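Enquirer: Questions regarding the structure given below will be posed in turn.
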Amino acid sequence: MMKVMVRLLQYDMQEKTETVIVETGGLLKGDKLSYFEKEGIRHDILFSDEQVVLKRGGQFGSEVTLPKLGRGTGLVHSPYGTMSLETQLLHREKKADRWTVEYQIVGTGGPVSHMKLVWYITMQA
């Protein structure tokens, strides 16, 4: 397990916006990256050969599964229940210092959301 610095950028491909989501310390072990937001909410990213899984804790948590092939699911958990959404992975790239994932949330009439997430990972001494 290695201590790393994590900088997550979110690109909203529909709105054409770029947001820095987090800049913090984290832990990297093989295909898994874990870190916490300022508010203490945990994120776990699993970037395996077969799929990418994005988990976010908290009162309004989520788990987005993006299989390499076919459609996946996005589950949003809240005090009011769980909502399930369909996902589609468009692009993924895993390098030592940068993990990238681009995906859509798919509705009946087409894409509801189109996001690109880039985690910049810097090893710490």
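The values are calculated or read from the model by the stated rules, or taken from the named source; none is laboratory data. As the structure is a prediction and not an experimental result, all values here were calculated from the model. A quick note on method: Cβ atoms are made from the backbone with ideal geometry, for glycine too, and the neighbour counts reach across all protein chains shown.
Enquirer: Among the residues of segment 105-122, which ones are in a strand (DSSP E or B) and modelled with pLDDT under 95?
Expert: As a first pass, look at segment 105-122 and keep what is in a strand (DSSP E or B): 105-107, 110-122.
I105, V106, G107, G110, P111, V112, S113, listed by residue number.
Enquirer: All but one of (1) closer than 23 Å to K32 by Cβ; (2) outside any loop (DSSP other than H, G, I, E, B); (3) not hydrophobic (A, V, I, L, M, F, W, C) hold for G58; which doesn't?
Expert: Only one criterion is unmet by G58, namely (2).
Enquirer: Considering only segment 75-93, how many residues are under 22 Å from T19 (Cβ atoms) and either hydrophobic (A, V, I, L, M, F, W, C) or modelled with pLDDT of 95 or more (or both)?
Expert: Final tally of qualifying residues: 9.
Enquirer: Can you list residue pairs whose Cβ atoms sit under 9 Å apart, with the first residue in segment 23-46 being in contact (Cβ under 8 Å) with a residue 40 or more places away in the chain and the second being in a loop (DSSP other than H, G, I, E, B)? Count only pairs 6 or more apart in sequence or on different chains.
Expert: Listed by first residue and then by second, the contacts come to G25/Q124; L28/M1; I45/D31.
Enquirer: Here are some residues: L69, L75. Which one is without any contact (Cβ under 8 Å) to a residue 60 or more places away in the chain and part of a loop (DSSP other than H, G, I, E, B)?
Expert: On the way: L75 fails: part of a loop (DSSP other than H, G, I, E, B).
Exactly one of L69, L75 is without any contact (Cβ under 8 Å) to a residue 60 or more places away in the chain and part of a loop (DSSP other than H, G, I, E, B), namely L69.
Enquirer: Then there's this: When you go through G58, G40 one by one, which is the residue that is on the phi > 0 side of the Ramachandran plot, surrounded by 13 or more Cβ atoms within 10 Å (Cβ to Cβ) and either touching a strand residue (DSSP E or B) at 6+ places or on another chain (Cβ under 9 Å) or not basic (K, R) (or both)?
Expert: On the way: G40 fails: surrounded by 13 or more Cβ atoms within 10 Å (Cβ to Cβ).
The unique qualifying residue is G58.
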